[in-house]
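Data block below; observations after.
Laboratory data are not the source of any read-out in this text; all were calculated from the coordinates shown. Given the structure is predicted, the values throughout are model-derived calculations rather than measurements. Cβ sites come from the backbone with ideal geometry, for glycine too, and all protein chains shown count toward neighbours.
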């Protein structure tokens, strides 16, 4: 799983999907990274994510339990709507990818 670690901040680039097929593997990789780096903050970059299932939401909640300073960034409108519909945008910071203006 691609990631960067700088100034005690871990940025993890989430896969394009978290579903029942890859949820367990994704959770193990995320937890291994958190255990390895012991970050003060975690940023989960969802720029490539197209879908997240309830198991994926649970994984993100488990990350937040380990590292309270957890954010999901760069979500598409579709993925953001999943977080909003389930109320996850209330319990953790979730932000949409910024739209670039075309001139």
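Structural remarks
- Among the residues listed as 47, 65, the single one being more than 17 Å from residue 86 (Cα to Cα), surrounded by fewer than 14 Cβ atoms within 10 Å (Cβ to Cβ) and touching a residue at least 40 places away in the same chain (Cβ under 8 Å): 47
- Residue 91 falls short on exactly one of the conditions (1) surrounded by 15 or more Cβ atoms within 10 Å (Cβ to Cβ); (2) over 17 Å from residue 11 (Cα atoms), and that condition is (1).
- Here residue 4 passes the criteria (1) part of a strand (DSSP E or B); (2) within 20 Å of residue 80 (Cβ to Cβ) except the one numbered (2).
- Some residue of segment 61-69 being under 21 Å from residue 31 (Cβ atoms), touching a strand residue (DSSP E or B) at 6+ places or on another chain (Cβ under 7 Å) and assigned to a helix (DSSP H, G or I): yes
- Screening segment 28-53 for residues that are part of a helix (DSSP H, G or I) and out of contact with any helix residue (DSSP H, G or I) (no Cβ under 8 Å at 6 or more places or on another chain) and picking the one that is farthest from residue 5 (Cα to Cα) gives 28.
- Qualifying residue in segment 78-96 (condition: within 27 Å of residue 7 (Cα to Cα) and in contact (Cβ under 8 Å) with a residue 40 or more places away in the chain): no
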